[in-house]
Each structure stands twice: as C-alpha cells, then as structure tokens.
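Below is one structure, written out as structure tokens; comments come after it.
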Amino acid sequence: MRVLVTGGAGFIGSHFAKRMAAAGHEVVVLDKLTYSGNRANLEGADVELVVGDICNADAVARAGTGCEAIVNFAAETHVDRSILGAAEFIETDVHGTYVLIGWAREADVRLVQVSTDEVYGDVPEGQSSREDDPLRPSSPYSASKAGGDLQVLAAVRTYGIDACVTRGANTYGPNQYPEKLIPLFVTNALDGEPLPVYGDGRQRREWLHAEDHCAAVELVLHEGRPGEVYNVGGEEHENLEVTRRILELTGASEDLVRHVDDRAGHDRRYALDDSKLRGLGWSPEHSLGETGLTETVAWYSDNRDWWEPIKSGEYQRYYDEQYGTRLR
Ligand code: DAU
C-alpha cells in the first residue's frame, strides 16, 4: 500500500512511518518540520519526505498523489504550550484536519485520525472512558483535538468518507521531544538538572509504548470500521512513581525533584476502556513497569547526539518561559 503519513517526522508519526516502510509499504511523509518535527527521526528509513503543511490543500494533494490512505499524526500536542497560546493548535489540529478530510473525500481514500485520551477530560478513580462517552476536554490542546475528531466523524456521516479515529494514552519511547514528562525528566536527570513535578505529583496517566501505539493505528488502518473510534490504552502509573523510577534508572539524586506550581486546568487522571480495539486483536507488547522505561532511559542515555542539539535555541526560550519562575 502507498500511504501518506502526515506528521511523520514527529515522535509517534516517525515510529509509524518506519514501521510501515519496514513492512514493505510505500510511505510518503508530509511534515512541516516545526520545532518538534525532526529529519533525524527518519534517518535510514525508506520513506519519501515532503516538507509541507497539512493546512495547505495543494501540498496535501501533491504529497498524497497515488496514496490509498492517510494517517494523520500532524498536530500541535503539548498541553503546556497550548496554555501559553492556542492559535497554532486550532490552526493545525482543527483546520489542518479539515483540509485532510477534504482531500480524503476528493481522492476517495481512507483517513485514520490519530487523537488522544485527553478529549474525555478527567476520569474519576474506578472508571474508564469508552469511545461513546461525552467529550469534556480541559485544555486548549485537547479542545482542538476534540474539534478535529468531531470534524472527521461528521464527515463520515455527511459525506460518507471512509475514516476512523484512534484515541491513544500517554505515549513514550525513543525520539520523543524532551518537553513531555518522560523525555524531559530523563534528560534533565542525566544532566543533573531539576525535575519540575507539577503540584503534588499524584496525577495518574496511562503509559503506552510508541511501538504499541503504532501497532494499534496500523490495525485500525486495515481493520477499523468507518465512523468508529478506537481507544488505545496503556499502563496506569502516578507521576511521582514514574519520577522516582527515572531517578533510580539514571542514578540521579532525589534532591533534583522540585514540586512546582501546578499546570492550569490540570487533569487528575486519564483511563481508557480499550476493549473494542482488543476485540480487533490488539494487545500491548511493552510494559512501562517492566522493561519499557528501562529501555527508554537507556536510549536517551545512548543518544545524547539526538537530544542535546534540541535542548538549545527555541527549546531554551520555551523552557525559561515555562519553568523559569516556577523553579526560581
Ligand atoms: O494522554 C495523551 C496525551 O499525553 C497526548 O495527547 C499529549 O500530546 C501528551 O502531551 C500527553 O499529555 P500530558 O499532558 O498527560 O503529558 P505530559 O508529558 O505533558 O504530562 C504528563 C503528566 O506529567 C501530567 O500530569 C503533567 C505532569 N508534568 C508534566 C511536565 C511536562 C509534570 O509534573 N511536570 C512537567 O514538567
């Protein structure tokens, strides 16, 4: 199959592009190469990289020529950045998705929209979100992802396009831009820098390895029913537990942990019921608590040449804005 992977130079997108290429598919990546898109993520992979924006219909049509499907990973994804300003989130996550829907309709190809468990908002202890639960996004980021999801599902109903939505849990693994909890804390710990834990650190997330996430998206691409949403769950851990484990694995001192002002609107817990996807035959192969985190820490420790150049320039400006006052 020839497949267009939008956002395929980013974290999860690049894992997916490489996975599909390794399985013998023809892969075209369309990526704007913003701060988190990185050519190095595709190094050595047999994929065609087209630099362009999903908001540009001409760029999408050019990159998509001859493709039988689009898998959309292109998105602004960091909650903290969306709190500082949401315009780019609305532009890429809602308008960009709308442009892809237009092309999927015109070219009559399948669209898989890769989304997030954050669209359901906070989930009380003992409960888990199902695909038909109401959407209650808490951040400008998750509200824009919810907007994209709803555009896709409305286009299935109104225009009969062939599309599915996946909603994944917190994803981790190699090549993740060091603004998210795990890569930020691992690289800071390796450098002896503080680990800024928001609030009491008792928030809970489900952790999903990038390879398991991509296996789920691939399955939905081949087997998903049009108009259906599929949750992709992970393994639930408290942030402080993940933080302590990172300290153990990097050999860093506990004194690096700093409890700082909480994130505005911070969701306490996410949890997914992913039985629908498991019914298609998916189950995760990695466990954060067993080898997942150990292998990820080893990757960052062995690949300083990947993340050290990132942690300068634009990153430093963002870091100072986000953490400067909190850590002072
Ligand atoms: O759940 C899926 C989502 O997971 C994805 O859709 C998002 O793109 C992704 O960013 C992630 O959202 P989170 O907000 O949960 O991820 P993040 O790594 O930013 O934060 C994870 C938890 O760690 C959250 O409770 C906030 C906390 N945290 C995060 C950072 C960056 C801290 O305590 N300190 C930090 O410096």
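Coordinate-derived values only; no laboratory data. These numbers come from a predicted model, not from an experiment. Because the Cβ atoms are built from the backbone with ideal geometry, glycine has one as well, and the counts that use them run over all protein chains shown.
For segment 172-195, the residues whose backbone nitrogen is under 19 Å from a point 7 Å from the Cα of Arg258, taken along Cα to Cβ, are 178-195. Working note: Karplus 6.51/-1.76/1.60 with θ = phi - 60° gives segment 283-296 the couplings 8, x, 9, 10, 10, 4, x, 8, 9, x, 6, 4, 5, 5 Hz, where Gly and Pro are set to x.
Compute the long axis of helix 140-159 from its Cα atoms, compare it with the longest principal axis of the Cα atoms of the chain, and write down the angle in degrees, 0 to 90, nearest 10. Compared with the principal axis, the helix lies near 20 degrees. Here the simple spin-label model places points 7 Å from the Cα toward Cβ, and for Thr294 and His222 these points are separated by 3.1 nm. For Arg130 and Thr158, FRET efficiency with R0 = 30 Å and r from the beta-carbon atoms, rounded to 0.05? After rounding to 0.05, the efficiency reads 0.80. Seen against the Cα atoms of the chain and their longest principal axis, helix 210-223 is set at about 20 degrees. With Cα atoms defining each centre, segment 97-117 and segment 270-316 are spaced 26 Å apart in the structure. The ranking of Arg278, Arg157, Arg81, Arg205 by Cβ neighbour count inside 10 Å, starting from the fewest, reads Arg157, Arg278, Arg81, Arg205. Nearest 10 degrees is fine. How inclined is helix 239-250 to the longest principal axis of the chain, computing both from alpha carbons? Helix 239-250 sits at roughly 70 degrees to that axis.
Once backbone amide H atoms are built at 1.01 Å from N, Tyr230 has Val165, Thr166, Arg167 as its partners under 5 Å, excluding neighbours fewer than 5 places away on the same chain. Computed about its Cα centre, the charge dipole of the chain is approximately 420 debye, with only Lys, Arg, Asp and Glu carrying charge at their Cβ. Computed about its Cα centre, the charge dipole of segment 1-140 is approximately 360 debye, with only Lys, Arg, Asp and Glu carrying charge at their Cβ. Put in order of Cβ neighbour count within 10 Å, fewest first, the listed residues Ser142, Ser82, Ser14 become Ser82, Ser142, Ser14. Between the residues Gly224, Thr187, Asn239, the greatest Cα displacement towards the positive end of the dipole of segment 144-249, with unit charges on the Cβ of Lys, Arg, Asp and Glu, is found for Gly224. Segment Ser312..Tyr198, full-extension length gain: 38.7 nm, with 0.36 nm per residue of separation and the alpha-carbon distance subtracted.
Annotation: amide H-H contacts under 5 Å for Leu30 (H modelled 1.01 Å from N, sequence separation of 5 or more, or interchain): Val5, Thr6, Gly7, Gly8, Val50.
In this structure the amide hydrogen of Ala69, modeled in the peptide plane, comes within under 5 Å of the amide hydrogens of Leu4, none closer than 5 places in sequence on its chain.
Couplings for segment 17-27, taken from phi via the Karplus curve 6.51 cos²θ - 1.76 cosθ + 1.60 with θ = phi - 60°, read 4, 5, 4, 5, 5, 5, 7, x, 7, 8, 10 Hz in order; Gly and Pro are left as x.
Considering helices alone, the calculated mean residue ellipticity of the chain at 222 nm is -11500 deg cm²/dmol, with DSSP H runs of length four and up weighted by -39500 (n - 2.57) and normalised per residue.
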